[in-house]
Amino acid sequence: MKKILLTLTMIFGAIPSLLMASSSAGSSPKEISIFLMFTSLFGGLGMFLYGMEMMSGGMKIAAGNKMRSVLEKLTSNRFLAVGVGAFVTMVIQSSSATTVMLVSFVNSGLLTFVQGLGVILGSNIGSTITAQIVAFKVTDYALALVAVGALMALFSKKDSTKNIGFVILGFGLLFYGMKVMSDTMKPLRSNPTFNDILISLENPFMGILAGAAFTALIQSSSATTGIVITLASGGSITLEAGIPLILGANVGTCVTALLAGLNASREAKRVAIAHVTFNLLGVALFCFWIPTFAEFISQTSDNIPRQIANAHTIFNILATVVFIPFTPLVGKLIVKYFPDENINRDISKPKVMHLNDDVFDTPTVAISNAQAEIRGVIGLLERVVGSVAKPFISNDSLHDIENDEEDFEAGLQNRMEKITFLNNEISSYLIKVNNQDLNDVQSREVFTLVSVVHNINSVKNSVNLRLHDLLIKKESQSKELSDNLIQEVESYHKKIIKQIKRLGKFFEKYDKDKIDKIVSKGKKFKDLEEKYRIEHIKRSNSNSEDDAQKQIYLDLMDMLKEISIFIDLIAERLAELDTAE
């Protein structure tokens, strides 16, 4: 509702300026109101950028999860990765958003650096679709699009329809902003100073610099290209001036990737560097033959706006064709000059690795970050649960499973404190994500992840509450568990560890088969635990075992059973989420 009210306010506020600007079109340059020109120009620019943001935002919410799935599963082949990058960017209408998503996925370990190279090239191609759409002369229907989009967004009860409404509303606002800017610029065509500025942009260096600076400022190459097309539609800019500007836009859009990679992992930083490398080299190759390129492009259409859109598309396709065979070489060079860092950090202190507050405007990326952090917590949980049976099945002296110099309980407590810290951070992060504009699938996913974190905490609490008392009971007894009891505990314990490993592997690649296996195995393990309990009752009746041994065995098996139940609950929630999607 707020978005729609803001949109209508901007439109109605711009109409008087638009009418006055149109009425002054026939006046001499001296009679042009500087104030009116600037308010109309920047008002139109504001509507254009806001419309593009609304359109891209609607696309990301409507298709974000599907685009993430496409990126995750179809990037093993570099040629296929180009197509994936182009398709994802075409759908969400933002190469910057695709690159930020890519940096996040590499940072969280979902994709490798080499897999990401093809996606980068493809995203540049996908971003040209916006320019092709903008090149159509549909400004006369801009307000009709606003009306249709507003009605869909206001009155539809389905989130998917609302999101599509925002996309249409964004298109309408984008084109209306184009009309305002175009009509404002018309009186300036006879202004000598303005003409001198535009002519200076035909200088490749000046045009590329101006395009790069403007794109870095507004964080959207599609918006820059759209504005160039708008200027061309009003006859204010030539093809020779437009081409350097769109080349510069390809350089300026790298800023977004660089910002996304600042606090990311080494692999993610390489993605940002590769993005800059490809785009800079592409512009460097083309800038020396812009006149020849402009002559070729002029044959593709009769009007300059379409020619500029075609130049943008053809440039990125040709650059991709040139660079795609060399992606392995580029990858090796970047890895050579930006090798892995040997960081000596204090592993005794917990540290958040993947939670990034800068990606909340792309919820699917934020959710992936939370999933990556949960995967790390599951790794800690595996080591915690993996050590709980050790004191009861081994006669070795007790020490930490990773550090022989540390006490067993101290090491265990340290890991549980890490789990508590990380789970609190993840929960807080998910609450922030939930406050964003999410679709139904994303809301369910956030809720499911909160449930996963809660159940992980329950496993940790079960160990924390039960194990210490069990160790005290064991120390007070001179006898060890019998061979039969040890065998049953060891067997059941190993099966639970395998369940936790499957859960970790699910969060690595989101393999649904792992969840299905956890659910099916969980049912078998319940039967196995009941079988062990019945056999234990039979042994108890024969008085073949000490009462203290029996109690330790029962308490230990109860703890393991409780852990197994919580793992099953996590798997069941994740399975429901997959079905809901």
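Things to note:
- Backbone phi angles across region 457-468, fed through the Karplus curve with coefficients 6.51, -1.76 and 1.60 (θ = phi - 60°), yield HN-Hα couplings of 4, 5, 4, 4, 5, 4, 5, 4, 7, 9, 5, 4 Hz in residue order; Gly and Pro are listed as x.
- For LEU111, the residues 5 or more places off, or on other chains, whose built amide H falls under 5 Å of its own are VAL106.
- Look at GLU445, GLU488 and count the other Cβ atoms within 10 Å of each Cβ; fewest to most, that gives GLU488, GLU445.
- The simple spin-label model puts a point 7 Å past each Cα toward its Cβ; for SER301 and PHE360 those points are separated by 3.9 nm.
- Amide H contacts under 5 Å for SER127, placed H, 5+ residues apart: none
- Proxy reagent accessibility, fewest Cβ within 10 Å first, across ASP407, ASP483: ASP483, ASP407
- On the beta carbon distance between LYS512 and ILE431, with R0 = 25 Å, the FRET formula returns roughly 0.40.
- Extension gain for LEU36 to GLU475 (0.36 nm times residue separation, less C-alpha to C-alpha distance): 149.4 nm.
- Net length gained if the chain between LEU465 and ASP407 were fully extended (0.36 nm per residue, minus Cα distance): 19.0 nm
- Label-to-label distance, nm, for residues given as ASN424 and TRP289 (7 Å Cα→Cβ offset): 6.2 nm
- Members of LYS474/LYS514; LYS474/LYS495; LYS157/LYS512; LYS269/LYS517 lying beyond 26 Å, as alpha-carbon distances in this model show: LYS474/LYS514; LYS157/LYS512; LYS269/LYS517
- For region 357-580: relative contact order, % (alpha-carbon pairs under 8 angstrom, 6 or more apart): 28 percent
- Order of SER520, SER127, SER156, SER236 - criterion: other Cβ atoms within 10 Å of each residue's Cβ, fewest first: SER520, SER156, SER236, SER127
- Region 442-538: trypsin sites (Lys or Arg not before Pro) falling in loop per DSSP and having at most 12 other Cβ within 10 Å: LYS479
- Applied to region 514-520, the Karplus parametrisation 6.51 cos²θ - 1.76 cosθ + 1.60 on θ = phi - 60° returns per-residue 3J(HN,Hα) values of 5, 5, 4, 5, 4, 5, 5 Hz, with x for Gly and Pro.
All of the numbers you see were taken from the coordinates with simple rules; none came from a lab. All values derive from a computational prediction rather than experimental measurement. So basically every Cβ, Gly included, is an ideal-geometry build from the backbone, and we count neighbours across all protein chains shown.
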